[in-house]
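Below: the structure, in structure tokens.
The values are calculated or read from the model by the stated rules, or taken from the named source; none is laboratory data. As the structure is a prediction and not an experimental result, all values here were calculated from the model. Cβ placement follows ideal geometry from the backbone for every residue including glycine, while neighbour counts extend to all protein chains displayed. Protein only, heavy atoms only, side chains kept; ligands, DNA and RNA dropped before computing areas. Shrake-Rupley method; radii C 1.70, N 1.55, O 1.52, S 1.80 Å.
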Amino acid sequence: MTIIRLDVLLYLCITLYCAVAVLCCMLQNVLLIHCGVVCYDDQRLVKSLACDRELADGPREEWSESVIENYIISAVHNCTISRIITFDDHGVSGHPNHIAIHRAVRRMCESEKLAAAGIQEVLLLQSTSLLRKYISFIDAAWTSLFHRHFVLSSVDEYWLAKQAMEAHSSQYLWFRHVYVLLSRYMFANSFTRLQIHHGNSNST
């Protein structure tokens, strides 16, 4: 399950090719447009949840971890989900909404809620330095050599991801054109594993 909002397509486009389910916290039509472009097959389940006023978009908006938890548990209970993919504690761009999602998922790991729900693995999208973030496909080599959990895009997958971004015409501003060309997240996603607490055991 990928917990996602509109601009997160910039970070996780290539990972969505192997996503099992997608929980959209905001702008529920966005992923439907995106998935139509990248041609998801029938076995990939897209779970779209209505927007909540407590999850309003914006760097000044504070998201309730309890509300986020409720959405996650609802999706887990209604879908066959074994893995969650979300942000690390920096949220890639430092966006407070991204960080709130990370904190909610971490709290659920520590309180054993995810273990009880049958989640087997939680992967955190790694934030990188500014230099690595904007060295385009060059970072793919570094990622494959020094990261254990990663996804690399092929040329075809990159172009599909680019088309998916272009489908959001109202949001595809000039700086996002630059991002699509230069960001390593269009070519490589690397992850770390977050421990899921299981009763007396602290390991996954």
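Looking at this structure, is Gly91 closer than 30 Å to Leu130 by Cβ, at pLDDT 85 or above and open to solvent by less than 40 Å² (accessible area, probe 1.4 Å)? Against the criterion (closer than 30 Å to Leu130 by Cβ, at pLDDT 85 or above and open to solvent by less than 40 Å² (accessible area, probe 1.4 Å)), Gly91 qualifies. Taken together, the criteria exclude Phe137 from residues that are hydrophobic (A, V, I, L, M, F, W, C), open to solvent by 80 Å² or more (accessible area, probe 1.4 Å) and free of Cβ contacts under 8 Å to residues at least 24 places away in the same chain. Once region 45-72 is narrowed to residues that are among the polar types (S, T, N, Q), open to solvent by less than 80 Å² (accessible area, probe 1.4 Å) and outside any loop (DSSP other than H, G, I, E, B), the residue that is modelled with the highest pLDDT is Ser66. The criterion of at least 3 residues that are touching a Phe, Trp or Tyr at 6+ places or on another chain (Cβ under 7 Å) and hydrophobic (A, V, I, L, M, F, W, C) is met by the following strands (runs of 3 or more DSSP E) wholly inside region 108-204: 121-125. The number of residues in region 72-88 that are under 28 Å from Thr128 (Cα atoms) and not acidic (Asp, Glu) comes to 8. The residues in region 74-86 that are open to solvent by less than 40 Å² (accessible area, probe 1.4 Å) and free of Cβ contacts under 8 Å to residues at least 60 places away in the same chain can be counted, and the count is 0. In region 151-172, of all residues being among the hydrophobic types (A, V, I, L, M, F, W, C) and open to solvent by less than 80 Å² (accessible area, probe 1.4 Å), the one that is nearest to Leu124 (Cα to Cα) corresponds to Val151. Screening region 173-187 for residues that are farther than 21 Å from Thr86 by Cβ and open to solvent by less than 70 Å² (accessible area, probe 1.4 Å) and picking the one that is modelled with the highest pLDDT gives Val178. Those residues that are surrounded by fewer than 20 Cβ atoms within 10 Å (Cβ to Cβ) and β-branched (Val, Ile, Thr), I need them from region 98-127; list them, please. Scanning region 98-127 gives a single hit, Ile99.
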